[in-house]
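Colleague: Following this message is one structure expressed as structure tokens.
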Number of protein chains: 2
Amino acid sequence: MSKAADDGGVPGGRGEPAQQLGGEAAGGKLASKLSASSFTPGWTKVSCPCCASERVEPLVLVKLGQKAVPETKRWLIKLIGAPQKDGGAGLLAHPGEDATGNIIVLSAPRCTLLRATEELGLCKIYHTGEMEAFAYNDRDNFRNSDNMEVFLTSAERQYIIKYELDGLRAQKDLRIPGLPDSCTLQKRDNIWQKLGQVGVVVDTFPLHNPDKLKDLSESWYSGNQLSQPLDKVNEYFGSSVAFYFSFLDFYTWSLLPPAILGLFIAYFSREVQREMLQSVSGSQEEEVQDEPDPLISGHMFQAVFSMLWSTVVIELWKRRSSTLSYQWGTLNLAERFAEPRPGFHGDLGVNPVTGRVEPLFPEWKRDLRMALVSVPVVGLFLGLVVLGMMCFYWAEARVKWLHKDWDSMISQTFLYVPSVLHIVYTNMLATVYRTVATSLTEYENHREESAYDNHLTGKILVFTFFNNFAVLFHIAFFKQDVPLLRKRLASLLIITQLVNQVTEVVIPFLVDRFISAPNRSEREDDPKEDKFRNQGTLPTFPGLFAEYIELLVQFGYLSLFSCVFPLTAVLLLLNNLTEIRSDAYKICKLFRKPFYPPVASMGVWKVAFEVLSFVSVVSNCWLLLLSPRLQKTSQEAGMSGSHLLVGAVMVEHVLILVKVIMAALIPDEPDWIRKKREHIEYTSMQALRQQKLNVQES
Amino acid sequence: MSKAADDGGVPGGRGEPAQQLGGEAAGGKLASKLSASSFTPGWTKVSCPCCASERVEPLVLVKLGQKAVPETKRWLIKLIGAPQKDGGAGLLAHPGEDATGNIIVLSAPRCTLLRATEELGLCKIYHTGEMEAFAYNDRDNFRNSDNMEVFLTSAERQYIIKYELDGLRAQKDLRIPGLPDSCTLQKRDNIWQKLGQVGVVVDTFPLHNPDKLKDLSESWYSGNQLSQPLDKVNEYFGSSVAFYFSFLDFYTWSLLPPAILGLFIAYFSREVQREMLQSVSGSQEEEVQDEPDPLISGHMFQAVFSMLWSTVVIELWKRRSSTLSYQWGTLNLAERFAEPRPGFHGDLGVNPVTGRVEPLFPEWKRDLRMALVSVPVVGLFLGLVVLGMMCFYWAEARVKWLHKDWDSMISQTFLYVPSVLHIVYTNMLATVYRTVATSLTEYENHREESAYDNHLTGKILVFTFFNNFAVLFHIAFFKQDVPLLRKRLASLLIITQLVNQVTEVVIPFLVDRFISAPNRSEREDDPKEDKFRNQGTLPTFPGLFAEYIELLVQFGYLSLFSCVFPLTAVLLLLNNLTEIRSDAYKICKLFRKPFYPPVASMGVWKVAFEVLSFVSVVSNCWLLLLSPRLQKTSQEAGMSGSHLLVGAVMVEHVLILVKVIMAALIPDEPDWIRKKREHIEYTSMQALRQQKLNVQES
């Protein structure tokens, strides 16, 4: 093995587990338990002297499948350990308890980590105390660049390992040792993808660090603290997760003003009290007109407030987001300039931007695929949702009519058939759509992981949102039945909360107590390998989509229909305060640690919230127009329906204009971040000029 | 003088005209007539050996005032000739016929030009054939960098001289020789501004190059050519002017589709013919209903077409604009990183972006001034416009009523009083507003020239537009009188065209024939100095504002009210084809050559056209709703007014949505420009990393 590493040989099938490197664990209080003390013998050798360290931190676990014979495992370990210039991953590998076991534990030497940090375009603290884009050549001027466990976050270290594994490409046609001849690698094939396809690698996941996790959970959800340890979350889970929790936090606190206003209106406005009583009790009692209504109702005030509020919140979030991104060093990510994502395919060519040889795929082809395939297919599915809803309404009316005709037990049960069928249909459609959306996005062939994620998320988001709101929109715009809308909204809000509390707090708690706890007790005297293996028994983290869509749907209830139910914000605020804890508990305890790439913002979700905030103006103006109070008042004042409508349209246009102007005037990043960014641009420009001088001189 | 340049002395009052430099004019066919053949003796000496050239091209003329005694003139010439490190401008100066005359002719040596090219961030052709940001250190790798007359455009060379003059700052407290003691310069005072204030410098303007001008005018407007020589315009007048003419060109050709559609509709639709006849003849004859109307009227089709057309045109212009900007090397301007504009003031401090010491002015203070001063004042003036219009209507009604009562000659003349008063009021208001807008923008204290220009233009634009359209909007939205609107629009279009043709073609021609021509005949045997002096007798170019606002108002007529007068596009197309020639003739022949900085786009005008294109959806939908045809059809179909209105609002929302989506989907720059831009970003990033390595090693 050492020979292979030294002479730069192409990974073959001749290696054996490499010599040991370094002695017992020395320092590093945090990771001492997980340190390589019992492990150090067995790690592959590092390929460069500066990376030799006393202890190796196990970061990622690779689970091998049935097909992986010891020969394949040895080849794999050697491949992972080989330097990058020889087509290896430049990582450290440990075969677990013995060379035949079905796990490989991975870690990364300093050089690989630092080079990947530069490639990813992460910013780190320079010796001046400023955040600067990390440059490998200048590594000694960055603070803590000798201690990887402080310099890089735990999430970054683990992501880098995944990044290196995903970047493994066959340098020539190659047979995988120990596998049938059918499993050969062509030149430039993605090795890790292939290994997954043929069943050699079943699973790759980052390892939890129990000490850090305990520390994190204590400061996150165990106590009664009001603020979240966001920097720690970023350290442990990465910026994707940290952005979600930051947004949840920000959004929850920004619910305070509308919640207070809602309480205020509910307390002082008799009309609102009456309406809410009706909507909750379900009775349609006659209005008691005991006193003259004020000129401007609470509803109107609430609606205008919430429309402007939503723009302010989103603009302020953009500023907060860019601040966080600066703090977490992801302001300047270089994904565009990195290698394309593993699933990307195209004809080999020279990238005009970076000058590297890599697969290229023309932009117009992707646009064409999106326009001619993706858009029609998504539209078809949205049409199917509407069709389902229409069938449901038709069937319901039909069944009611039958029941009136027959009035028997059988017809009674028939009453539930349309609802049940509709729920089954909706769920099936959602499942099918998810598969279709993934294939479509795969077919669009995005170069960058983030573009892929955004397009996939966008597709599912539109559908899910449509699915959630089709009925409410139908009631609001076609049936034009405000009391029914209010009733439906109240029940949705309360039911959603109950369901959320049960699924997110109660079930996780029960699972943890009665299923995970027995496992946990065993662990104390297990060897390290088994502890790692145990983490593999936890379910995979399902991703943040469900969490985000929950917030988006909430935000939809609040902004689109807020004027019919003033207490929406209060209910949501209460819900989100528990949501923060249950989400934190979930991700810490109930799932495997997920891989998340560093990201600079919450991506397509920001756009979704923004779009919703503009749609809310249309829906609120419409709902206010429908409100019986306004209709009556205007009739008394001698205004025709048309005049009222023209007035509403004018108000709507003015509000949209105000929102557009507000969004344009509030800068998307704080002044100091803008200056830092411009400073980076300036120094880059200067450096470019300087470089030309150097080229000149040499 | 040579001593002063060598020992780096601070410019004082001891210099005399410097020695001659170089012999007779050698090559350079283009500028041979203007070359320094008769001039070379008398130019100040260049401060660096590489800049010594055989001939010096006179670029800019400085006209001195009465106050400039020969002593002051000598000091000024020396200051201009001193190297930049000594606080001079690093330019070449020539005292004209003798040391006591009231002109100074300026030119620039190679080094000054190249350094300024780098400072401005201009892109030039690299030896590879690509456009790259010019770097002084790498100058030899740029094509033609040894021949300034090919490397830089004539407009750039002249602008650089203005740039250097504007950048002159006193390095210490200083008395200007030959002036009273009250005229002293404080440290860091802007010298050129001060000289203008105290009356030493009366005028600074770039010199025409008759040969080049003749060449340009021949290929521009003398023949029957359909396309404009835009690159030559950029070469001679700079990118601001070239962008205006490019846009005029682009916009004129993009009028073809609506013009053809308009002709088509006018030819086939009897209704439209009848309406147009009415609007032109002014008669309100009874409609003759001889055949059933088709379901969708020509108006509707025209309106929807023009709404979508405007978005497509603007998006395509953005792409064209970025292509032009790339070709003209202004894609990457570094104004943000350069010294602030001369009028900028603030407390001295370290610029966090560039690290230079310069006046700083906090962003929030500027925002505050805009929000609390500029916005209310502009609003006030807009209010005054509305007030004026209301007074006019009131007075007109009043006068008509009086006339009916009295019916005498006096009351007959009284009928015109309101119109006359309104015109006087409007013009006075516009003049006052222009002064106020300039002061406001000055008070806002913008750091960059382009920001200053954009804010000033924006202010005047909003007012002028409001002034032009207030009456039409009043007719459309308050009087709701479509026939009157049609009549007014037709007369505006025809009158505007006639007035334009007269003011822009006939008058210029007469002026040139009978006023400029006699001067021109004298010129042949005059000394060069007098020819230069003669250029000073031409009026200053009034700027592009009037030209742009004419296009914007046109575009307003077309997009806002197109559905009432389908032939608008045809009339505008004809108008613009002559407009191109007359504008070109005007700028070439009737005015002094203007200074224009290099710009990357047409700035705030793009935004104005974009906003108009969105407002057009609202106005067109409204006008269609008002159309008597639609009202009648819907009544016959049994639709209530409210239903019709809801329908119109829905159509409007859908159209706006479609426009937003179209604008988002059409990329603002062509794919190849995006790649070039990303390539520049990538190389800058690499250079920054590389630089750190060098710092490390050294």
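Colleague: With every protein chain kept in the model, how would you rank A:Ile423, A:Ile176, B:Ile125 by accessible area, 1.4 Å probe, largest at the top?
Modeller: A:Ile423, B:Ile125, A:Ile176
Colleague: Sort A:Ser642, A:Ser222 from largest to smallest accessible area, using a 1.4 Å probe on the heavy atoms of the protein chains.
Modeller: A:Ser222, A:Ser642
Colleague: State whether the stretch B:337-442 is rounded, prolate or oblate according to the following rule on the C-alpha gyration tensor (a ≥ b ≥ c being the square roots of its eigenvalues): a/c under 1.5 gives rounded; otherwise a/b larger than b/c gives prolate, and the remaining case gives oblate.
Modeller: Cα axes put the stretch B:337-442 in the prolate bin.
Colleague: Please report how far the C-alpha centroid of the stretch A:64-106 lies from that of the stretch A:119-142, rounded to the nearest whole angstrom.
Modeller: One Cα centre to the other: 32 Å.
Colleague: Additional query: Peptide A:640-649: average number of partner chain Cβ atoms within 10 Å per residue?
Modeller: Counting Cβ atoms of other protein chains within 10 Å of each residue's Cβ and averaging gives 5.
Colleague: Tilt of helix B:270-281 relative to the longest C-alpha principal axis of chain B, in degrees (0 to 90, nearest 10)?
Modeller: For helix B:270-281, the angle is close to 70 degrees.
Colleague: Leaving ligands, DNA and RNA out of it, rank A:His127, B:His653 by accessible area with a 1.4 Å probe, largest first.
Modeller: Largest to smallest exposure gives the sequence A:His127, B:His653.
Colleague: While we're looking at this one, here's another question. For the stretch B:179-253 and the stretch B:373-397, what is the separation of their Cα centres, given in Å?
Modeller: 36
Colleague: Follow-up. What residues of the stretch B:341-380 lose no less than 20 Å² of accessible area with every protein chain in place versus their chain by itself (probe 1.4 Å, heavy atoms only)?
Modeller: Relative to the lone chain, where solvent access is computed with a 1.4 Å probe, the stretch B:341-380 loses at least 20 Å² at B:Pro352, B:Val353, B:Thr354, B:Glu363.
Colleague: Cα to Cα, under 19 Å, and not fewer than 8 places away if on the same chain: which lysines meet these conditions relative to A:Lys531?
Modeller: A:Lys33, A:Lys63, A:Lys212, A:Lys214, A:Lys589, A:Lys593
Colleague: While we're on this one: What figure, in Å² to the nearest 10, do you get for the accessible area of A:Tyr548 with a 1.4 Å probe and non-protein molecules left out?
Modeller: Here the accessible area works out near 10 Å².
Colleague: For chain A, what relative contact order do you get, as a whole percent, if you take Cα pairs closer than 8 Å and at least 6 residues apart?
Modeller: 16
Colleague: I would also like to ask the following. In the structure shown, do any of B:Lys459/B:Lys606; A:Lys479/B:Lys659; B:Lys67/B:Lys194; B:Lys606/B:Lys659; A:Lys162/A:Lys606; B:Lys459/B:Lys675 have a Cα-Cα gap over 25 Å, and if so which?
Modeller: Exceeds cut-off: A:Lys479/B:Lys659; A:Lys162/A:Lys606; B:Lys459/B:Lys675.
Colleague: Taking a ≥ b ≥ c as the square roots of the eigenvalues of the Cα gyration tensor of the stretch B:572-638, is the shape rounded (a/c under 1.5), prolate (a/b larger than b/c) or oblate?
Modeller: Oblate, because a/c is 1.5 or more while a/b does not exceed b/c.
Colleague: Averaged per residue, what accessible surface does the stretch B:173-213 expose to a 1.4 Å probe, in Å²?
Modeller: That works out to 43 Å² per residue.
Colleague: Label-to-label distances across copies for B:His653, with labels 7 Å out along Cα→Cβ, in nm, shortest first?
Modeller: Distances between equivalent label points, in nm: 1.5.
Colleague: Below 8 Å between Cα atoms, with a sequence gap of 6+, how large is the relative contact order for the stretch B:350-445 in percent?
Modeller: After rounding, I find 35 percent.
Colleague: How far is helix A:568-585 tilted, in degrees, relative to the longest principal axis of the Cα atoms in chain A, given as a value from 0 to 90 rounded to the nearest 10?
Modeller: Rounded to the nearest ten degrees, it is 20.
Colleague: So, one more: Which whole-number percent is the relative contact order of the stretch A:124-268 (Cα, under 8 Å, 6+ apart)?
Modeller: Result for the stretch A:124-268 is 16 percent.
Colleague: Using a 1.4 Å probe on the protein heavy atoms only, what accessible surface does B:Ser239 show? Give it in Å² to the nearest 10.
Modeller: Counting only protein heavy atoms, the figure is 10 Å².
Colleague: Can you list the distances in nanometres, one decimal and ascending, from the A:Val607 label point to the identical position in each other copy, with the point 7 Å along Cα to Cβ?
Modeller: 2.3
Colleague: Against the longest principal axis of chain B, how steep is helix B:482-501, in degrees 0 to 90 to the nearest 10, with axes from Cα atoms?
Modeller: Helix B:482-501 sits at roughly 30 degrees to that axis.
Colleague: Which distances in nm, rounded to one decimal and ordered from shortest, link the label point of B:His345 to the equivalent label points in the other identical copies, with labels set 7 Å from Cα toward Cβ?
Modeller: 6.8
Colleague: With a 1.4 Å probe, how much accessible area is buried between chains A and B, both sides summed, in Å² to the nearest hundred?
Modeller: The summed interface area works out to 4100 Å².
Colleague: Related question: For the stretch A:662-677, take each phi angle, set θ = phi - 60°, evaluate the Karplus expression 6.51 cos²θ - 1.76 cosθ + 1.60, and give the result in whole Hz per residue in order, putting x for glycine and proline.
Modeller: With the stated coefficients, the stretch A:662-677 comes to 4, 5, 6, 7, 7, x, 6, 9, x, 4, 5, 5, 4, 5, 4, 5 Hz.
Colleague: A:Leu360 accessible area, nearest 10 Å², 1.4 Å probe?
Modeller: 60
Colleague: Given axes a ≥ b ≥ c from the Cα gyration tensor, I'd like to know whether chain B is rounded (a/c under 1.5), prolate (a/b larger than b/c) or oblate.
Modeller: Prolate is the answer for chain B, as a/c is 1.5 or above and a/b outweighs b/c.
The values are calculated or read from the model by the stated rules, or taken from the named source; none is laboratory data. Here the structure is a predicted model, which is why all the values come from computation and not from measurement. In this analysis, Cβ positions are derived from the backbone assuming ideal geometry, glycine residues included, and neighbour counts consider all displayed protein chains. Side chains included, ligands, DNA and RNA excluded: accessible areas come from the protein's heavy atoms. Shrake-Rupley method; radii C 1.70, N 1.55, O 1.52, S 1.80 Å.
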